[in-house]
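Below is one structure, written out as structure tokens, with a few remarks after it.
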Amino acid sequence: MTAMKRSAFLLPVACAVAVGIAGPFMGNYASDFIVKVMILSIFALSLELLVGMTGLVSLGHAAFYGIGAYVTVLASGNEGGNFALLLPAAMGVAALYALFVGALSLRTRGVYFIMVTLAFAQMAFFVFHDTKVGGGSDGIYMYVRPAIGALDMENRTVLFYVVLASLVFTYALLALIRRSRFGAALAGIRVNEQRMRAAGFAVYGYKLAAFVLAGALAGLAGFLLASRDGVVNPELMAWHNSGEVLLMVILGGLGHLRGAVIGAVAFTLLKEIFSTHAVMGPLADHWQLTLGLTIIVFVALLPKGLIGLVQRLSPKGAA
Amino acid sequence: MTTTTNALLSVEKLTRRFGGLTAVNGVTLDLHVGEVHAVIGTNGAGKSTLINMLSGEIEASEGRITLDGTDITGRAQWKRARDGVGRSYQRTTIFPEFSVHENCRLAAQAATPKPWAFWESSRGCATSSASADAALEAAGLTHEAQRIAGTMSHGAQRQLEVAMCLATNPRVLLLDEPLAGMGAEETDRMLTLLARLKATHAILLVEHDMDAVFRIADRITVMVNGAVIATGNPTEIRENPEVRTAYLGDH
């Protein structure tokens, strides 16, 4: 039991330390790719809080990611914004929209919840796509990246370590929540909501709290993405982006934090490989097809996700 | 009839309609500490609907429910549970993938939820853990504490159902067929438990096992088609001609 817990703690820490040490020795391509994967991991972890931990399948999670990114760019101004203000602003606005969406959508359940979250995400998408608020369908550029003192996101090394620290923060926060009373209640809601209500839990309040927190963490991922790319466009909030992050969580394995990270890594890696001409030749132009087929095969063969494969391969089931 | 002055839970003319169907029709009854109040009746008599209204799972169409003198008719289910109205379900409603202990601990956690203390471990929660231990002890499940709940026998899951209700430290127990599917030994243990619990709890027992009902009940209410046709002590009910026709006629 304790040995299992120790490995559950040590492995993610070892991974974070390895990435942290390897950082300065990486080329631009590798470093850029890892930053992308880490941002998507945060995004996937925030959705895992809803889907895996609480049993709420949201198909509109990209809205909060996109809002976090847009707020960062819109609030930056021409001379660049203050890191210490932009980060809480991005997370705060995403959390506020999550409060609004959650308050309404959590009155429905099952497939209706999926549809309502999707509808609210589409609403956000069209606000940015069809109005001049954020430069319309072309999106908008950020001229100077967020900074405060030496913490300047224009510096690639700083960006790398800020993203890594954010991922560690998100992972640790969710790991703590999982073992807390709040996390236990969310697990109870996932398994048997009726019984939780009968025992005396304000189920709606718990779900709303989880939804808002997930929105805020997606906003964090959005802030980092905007800081990395220096540009945002409405595609960030498109429904297929919500679908992709859901795929990452399922591909990695629901109900495990590391599943979300593994899913984000695997998905991004597969996408990268399948769309590279040097590897795939002319098929690279049809990467959606090859990626889709691969994911169908994965899900069919590994119903518990990639983490299920890891568990099956390790004899003691310690992973 | 009963005095309403010291009733812990009081129900007045409670009615529930589903469209054109009146599932529960003007039911009045009182639950007292120290009493097991059994509600019997054929399938579809409205017993479960009655429990669902008392626990707040569904709204009443008409009537009033008071707990300790306070009107709780419109109060949300989770608030009623926090106020001490505990229930068990006819269909086993547990957390099958959690351990037996965690099932009870989680139910007990409702009393000390502290959801903001995200740095504290749920397993380290001494209050809820102690309530869970006590509930498991009372229900005779201590030896199964570490087992995954869904892997236990049906009878043991029924015991857990009641243990989870007890873990929330309720004052009123609404038990919907707690003996269904239990063996003779388990039934005996459950009846002994109820006899002990009634000293400190007001108990409403919906049950089909008539032997058990007449053994344990201090007061029996008979429902037919949503309405109460008789209330009285077991002897009165046994000798009531209306009850005999209603029951014997149906079977």
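The values are calculated or read from the model by the stated rules, or taken from the named source; none is laboratory data. Computed from a prediction, not measured in an experiment: that's the story for all the values here. Here the Cβ is made from the backbone with ideal geometry for all residues, glycine too, and neighbour counts use every protein chain on show.
Apart from one condition, B:LEU106 fits all of (1) facing chain A (nearest Cβ under 9 Å); (2) over 15 Å from the mean Cα position of the chain (by Cα); (3) modelled with pLDDT under 95; the exception is (3).
So if I check each of B:ARG147, B:ARG80, which one is surrounded by fewer than 18 Cβ atoms within 10 Å (Cβ to Cβ) and either more than 8 Å from every other protein chain (Cβ to nearest Cβ) or out of contact with any His (no Cβ under 7 Å at 6 or more places or on another chain) (or both)? None of the others qualify; the one that does is B:ARG147. Within region B:107-133, residues that are on the phi > 0 side of the Ramachandran plot reach partners that are of a type outside the set (A, V, I, L, M, F, W, C) and assigned to a helix (DSSP H, G or I) with beta carbons closer than 6 Å, at six or more positions or on different chains, in the pairs B:LYS114/A:ARG181. Scanning region B:85-103 for residues that are more than 9 Å from chain A (Cβ to nearest Cβ), surrounded by fewer than 20 Cβ atoms within 10 Å (Cβ to Cβ) and either modelled with pLDDT of 95 or more or part of a strand (DSSP E or B) (or both) yields one hit, B:SER99. Against the test of being assigned to a helix (DSSP H, G or I), aliphatic (A, V, I, L, M) and farther than 24 Å from A:ASP138 by Cα, the options A:ALA226, A:ALA221, A:ALA266 yield a single qualifying residue, A:ALA266.
Restricting B:VAL213, B:VAL206, B:VAL162 to those that are in contact with a Lys or Arg (Cβ under 8 Å, 6 or more places away or on another chain) and β-branched (Val, Ile, Thr) reduces the list to B:VAL206. Taking region B:118-138 as the range and being in a helix (DSSP H, G or I) and either modelled with pLDDT under 90 or within 14 Å of chain A (Cβ to nearest Cβ) (or both) as the test, the residues that pass are B:ALA126, B:THR127, B:SER128, B:SER129, B:SER131, B:ALA132, B:ALA135. How many of the residues making up region B:40-54 are of a type in the set (S, T, N, Q) and touching a helix residue (DSSP H, G or I) at 6+ places or on another chain (Cβ under 7 Å)? Going through region B:40-54 one residue at a time, the tally reaches 1. Residues that are in contact with a helix residue (DSSP H, G or I) (Cβ under 6 Å, 6 or more places away or on another chain) and within 10 Å of chain B (Cβ to nearest Cβ) were ranked within region A:199-209; the one that is surrounded by the most Cβ atoms within 10 Å (Cβ to Cβ) is A:ALA199. Residues in region A:158-214 that are without any contact (Cβ under 8 Å) to a residue 12 or more places away in the chain and assigned to a loop (DSSP other than H, G, I, E, B): 3 in all.
Filtered by the rule that a residue be farther than 24 Å from A:SER227 by Cβ, surrounded by 13 or more Cβ atoms within 10 Å (Cβ to Cβ) and of a type in the set (Gly, Ala, Ser), region A:104-147 gives A:SER105, A:ALA119.
Do we find that B:GLY34 is at pLDDT below 95, buried (at least 17 other Cβ atoms within 10 Å of the Cβ) and assigned by TED's automatic domain parsing to the domain that holds B:ARG238 in this structure? Spell out how you get there, then give the answer.
Details: at pLDDT below 95: yes; buried (at least 17 other Cβ atoms within 10 Å of the Cβ): no; assigned by TED's automatic domain parsing to the domain that holds B:ARG238: yes.
No, not satisfied.
A:ALA30 meets each of the listed conditions (1) surrounded by fewer than 24 Cβ atoms within 10 Å (Cβ to Cβ); (2) touching a residue at least 60 places away in the same chain (Cβ under 8 Å) apart from (2). Any residue that is over 15 Å from B:LEU175 (Cα atoms), crowded, with 22+ Cβ neighbours inside 10 Å and within 14 Å of another protein chain (Cβ to nearest Cβ) - is there at least one of those in region B:44-60? Within region B:44-60, not a single residue is over 15 Å from B:LEU175 (Cα atoms), crowded, with 22+ Cβ neighbours inside 10 Å and within 14 Å of another protein chain (Cβ to nearest Cβ). Restricting attention to region A:271-301, the residues being without any contact (Cβ under 8 Å) to a residue 12 or more places away in the chain and either under 21 Å from A:GLY243 (Cβ atoms) or assigned to a helix (DSSP H, G or I) (or both) number 19.
Every condition in (1) farther than 15 Å from A:GLY200 by Cα; (2) touching a helix residue (DSSP H, G or I) at 6+ places or on another chain (Cβ under 8 Å) holds for B:ARG80 except the one numbered (1).
A:VAL245: farther than 30 Å from B:ALA81 by Cα, away from chain B (no Cβ under 14 Å) and in contact with a strand residue (DSSP E or B) (Cβ under 7 Å, 6 or more places away or on another chain), yes or no? Walk me through it before giving the result.
Values: farther than 30 Å from B:ALA81 by Cα: yes; away from chain B (no Cβ under 14 Å): yes; in contact with a strand residue (DSSP E or B) (Cβ under 7 Å, 6 or more places away or on another chain): no.
Criteria not met by A:VAL245.
Here A:LEU173 meets the list (1) away from every other protein chain (no Cβ under 14 Å); (2) modelled with pLDDT of 95 or more almost entirely, failing just condition (1).
If I ask for residues that are out of contact with any Asp or Glu (no Cβ under 8 Å at 6 or more places or on another chain), more than 15 Å from B:ALA139 (Cα to Cα) and not polar (S, T, N, Q), which ones from region B:185-215 would you list? B:ALA199, B:HIS201, B:LEU204, B:LEU205, B:ASP209, B:MET210, B:ASP211, B:ALA212, B:PHE214, B:ARG215, listed by residue number.
Out of region B:139-180, which residues are over 21 Å from B:SER55 (Cβ atoms) and assigned to a loop (DSSP other than H, G, I, E, B)? Listed by number, the residues that qualify are B:GLY140, B:LEU141, B:ALA145, B:GLN146, B:ARG147, B:MET152, B:SER153.
Restricting region B:61-77 to residues that are buried (at least 16 other Cβ atoms within 10 Å of the Cβ) and in contact with a strand residue (DSSP E or B) (Cβ under 6 Å, 6 or more places away or on another chain), which is farthest from the other protein chains (Cβ to nearest Cβ)? Don't jump to the end; show me each part of the working.
Quick first cut of region B:61-77, residues buried (at least 16 other Cβ atoms within 10 Å of the Cβ) only: B:63, B:65-67, B:72-73, B:75, B:77.
The next check asks that each one be in contact with a strand residue (DSSP E or B) (Cβ under 6 Å, 6 or more places away or on another chain); those that pass are B:63, B:65-67, B:72-73.
Numbers: B:GLY63: 21, B:ILE65: 16, B:THR66: 19, B:LEU67: 14, B:ILE72: 13, B:THR73: 17 Å.
My answer is B:GLY63.
Taking B:THR112 as the residue in question, decide whether it is within 14 Å of chain A (Cβ to nearest Cβ) and surrounded by fewer than 17 Cβ atoms within 10 Å (Cβ to Cβ). Yes. Applying the set (1) part of a helix (DSSP H, G or I); (2) free of Cβ contacts under 8 Å to residues at least 24 places away in the same chain; (3) buried (at least 22 other Cβ atoms within 10 Å of the Cβ) to A:MET248 leaves exactly one unmet item: (2).
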